[in-house]
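Everything on this sheet refers to the single structure shown next.
No lab work stands behind these numbers, since they all come straight from the coordinates. Treat the numbers as computed from the prediction; the structure is a model and nothing was measured. So basically every Cβ, Gly included, is an ideal-geometry build from the backbone, and we count neighbours across all protein chains shown.
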């Protein structure tokens, strides 16, 4: 248990009517390694929120900010969000850019406690890190003093990476499909015919892994849609 880390205490919200969304519906929980690998596959930015069990401020951030429906939808659209408990029983590679560069062998495997206190140098949770799609740190914010200030920090992060969500349509391996399905709460495997039949009602921000279709056929169909799902991946079997 992390005894010496203390609990201290975005973008204009999308003008859409959005169904209630809890942070557990889209956040990668306590799995930095696979969250990073998923971000690389989807070419997304990353938001890491270090928290601690029993930290009341951390819980407030989760329930007030990360579970805000409009903010949650924005986060799900723009980046992979990872919530990591800053303890010693989970590990990740550092520097994080190692996950984006498979040739890099200059890294350490560090537990989450040492990661935030020694590598990042913070003894305060919650602690939020902002990483670009190359998994380079571009900003951070300590503590949580309320929704408005946290939203403002997030707004700055998203503006630094401003873009429409990149459409990802490509083939992936079985192991990559398994990683996405086991890591992202909003990833799902779906048969090609079922996908075509339901596409008008699907959540565009979810990740869809298609089976039994060629990439050219899938792209041709998606090009006929005015607002296709952003992430459509073809699992090779």
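Extension gain, residue 142 to residue 216, is 22.1 nm, computed as 0.36 nm per intervening residue step minus the present C-alpha separation.
Entry note, the chain: the mean residue ellipticity at 222 nm calculated from DSSP H runs of n ≥ 4, each adding -39500 (n - 2.57), is -8000 deg cm²/dmol after division by the residues and rounding to the nearest 500. Packing around the peptides 142-151, 81-90, taken as the average count of other Cβ atoms within 10 Å per residue, puts them in this order, highest first: 81-90, 142-151.
Considering all projection directions equally, how large on average is the shadow of the alpha-carbon convex hull of the range 168-235, in square nanometres? Could the numbers behind the result be given before it?
Working: hull surface 16.2 nm².
If I average the Cα hull's projected area over directions, I get 4.1 nm².
Of all DSSP bridge pairs formed entirely within the chain, close to 35 percent run antiparallel. Our summary gives the range 19-160 a relative contact order of 30 percent, counting only alpha carbon pairs under 8 angstrom and 6 or more residues apart.
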